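The values are calculated or read from the model by the stated rules, or taken from the named source; none is laboratory data. Please read all numbers here as calculations on a predicted model, not as lab measurements. Please note: Cβ atoms are built from the backbone with ideal geometry, for glycine as well, and neighbour counts cover all protein chains shown. Ligands, DNA and RNA are stripped out before the accessible areas are found, and what is left, the full protein with its side chains, is counted by its heavy atoms. Shrake-Rupley method; radii C 1.70, N 1.55, O 1.52, S 1.80 Å.
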Amino acid sequence: MSYPITRGRRLRRTPALRQMVAETTVAPSDLILPLFMADGLEAPRPVTSMPGVAQYPVDAAVAEARRAASLGIPAVLLFGIPAHKDEQGSASWQNDGVVQRAIRGIKGSVPDLCVITDVCLCEYTTHGHCGVLQGQEVANDATLPLLARQALSHAAAGADIVAPSDMMDGRVGALRHALDEAGYTDTAILAYAAKYASAFYGPFREAAGSTPAFGDRRSYQMDPRNAREALREVALDIGEGADMVMVKPALAYLDIVQRVRQHTDLPLVAYNVSGEYSMIKAAAAAGWLDERRVVEEVLTAIKRAGADLIITYHALDAAGWWAR
Ligand code: PBG
């Protein structure tokens, strides 16, 4: 049946009709808020390249987490910036490290909020790479025990989910094994399964102080030209025990989100990364885009592509817009 019998516009006439036939919804319960906490800060330090985002002292990070929970956001993702870095990233597994203290603070203050921790070495190493170096190379197998140590310290502090973002081969299995051996059988793993070597991480490196001192991350993160490889990475991480999988970044990779969705029934998370956030913030500040409408469109698109959950720096703004 075609025009004039069929008229697509009939169901677009009023807000109620459009609401009734809407196929995709986004709510605060779909969002995960990333938070940066830095050791030794007295007050929040704004991240210049990410307007509205800051590095927080631990107590202020806990307050942000409480604000997220009060707006209906179910989870936060924690990143730490240590006072001292070394070759191994040893500050990442200290019992009194900045992330470990924040986990305890959040669990003490808002116990129902889900705490996810980023597990990686790049914020903690002097060279800024995600693993330890042998010469100029990032050594895969030597990095695994260090990541496991970090994940264990997060679990011990009370993290609900650990999220390895380093892209070493075998790290999900290494984490699962270490967690189970230590009795943390209920700590879940969210694998950054298909993580691409993306220029959209640019602003994050200021936020997390994790710019590589030399080279780039292309020897461990995925090549943006590859899609089938993402399915292999996802399958490997699921085989090693991932409870949830992630595609990152989101917007330039919605085809990957859609393909991964068709491949797994596990919860699928998409990371709406720093550069995606900063582009919108900059254009909105210049008066070139309507921030709220663009953010809602972007979050809807990520859900429509197949993501169950979205990690996004827009989470507090969006949940605020949608409150009541
Ligand atoms: C750490 C990590 C990065 C991001 C999340 N975890 C940076 C990177 O891999 O270079 C990027 C997040 C963002 O851009 O918002 N490995």
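List of remarks:
- Restricting region 253-324 to chymotrypsin sites (Phe, Trp or Tyr not before Pro) in coil, as DSSP defines it, with at most 14 other Cβ within 10 Å: TRP288
- Whole-number accessible area per residue in Å² for the chain, which is evaluated in the context of all protein chains at 1.4 Å: 45 Å²
- In region 154-222, the trypsin sites (Lys or Arg not before Pro) that fall in loop regions by DSSP, at most 14 other Cβ within 10 Å: ARG218
- Prolate is the label for region 1-150. Its Cα gyration tensor axes, ordered a ≥ b ≥ c, give a/c of at least 1.5 and a/b above b/c.
- Cα gyration tensor, region 212-259 - rounded (a/c under 1.5), prolate or oblate: oblate
- Rounded to whole numbers, the Karplus 3J(HN,Hα) couplings from phi for region 117-133 are 10, 6, 10, 6, 9, 5, 6, 10, 9, 4, 8, x, 8, 7, x, 7, 9 Hz, using 6.51 cos²θ - 1.76 cosθ + 1.60 with θ = phi - 60°, and x at Gly and Pro.
- Accessible surface of the chain [probe 1.4 Å, protein heavy atoms]: carbon and sulfur percent: 51 percent
- Total formal charge among the other residues, if their Cβ is under 15 angstrom from that of TYR3, Lys/Arg +1 and Asp/Glu -1: +4
- Computed over the chain with a Gaussian network model linking Cα atoms closer than 10 Å, the most mobile of ASP141, ASP118, ASP237 is ASP141.
- Comparing mean-square fluctuations of ARG225, ARG149, ARG66 from a GNM of the chain with C-alpha springs under 10 Å, the top value falls on ARG225.
- Total lysine pairs under 22 Å (Cα atoms) in the chain, excluding pairs fewer than 8 apart on one chain: 5
- Bridge orientation summary for the chain: considering DSSP beta bridges with both residues in this region, about 10 percent are antiparallel.
- The translational diffusion coefficient of the chain, from Stokes-Einstein at 37 °C and 0.692 mPa s with a Kirkwood hydrodynamic radius over alpha carbon pairs, comes to 162 µm²/s.
- Over region 116-204, Cα pairs under 8 Å with separation of 6+ residues give a relative contact order of 29 percent.
- Loop-resident chymotrypsin sites (Phe, Trp or Tyr not before Pro) (DSSP state other than H, G, I, E or B) in region 175-247 with no more than 11 further Cβ atoms inside 10 Å of their Cβ: PHE214.
- Rg and Dmax of region 1-82, both derived from C-alpha coordinates alone, stand at 21.4, 68 Å.
- Evaluating 6.51 cos²θ - 1.76 cosθ + 1.60 at θ = phi - 60° for every residue in region 95-112, the Karplus couplings come out as 4, 9, x, 5, 6, 4, 5, 5, 4, 5, x, 5, 5, x, 9, 9, x, 7 Hz, glycine and proline recorded as x.
- Karplus 3J(HN,Hα) series, Hz, for region 226-231 with 6.51 cos²θ - 1.76 cosθ + 1.60 (x for Gly, Pro): 10, 10, 4, 4, 4, 5
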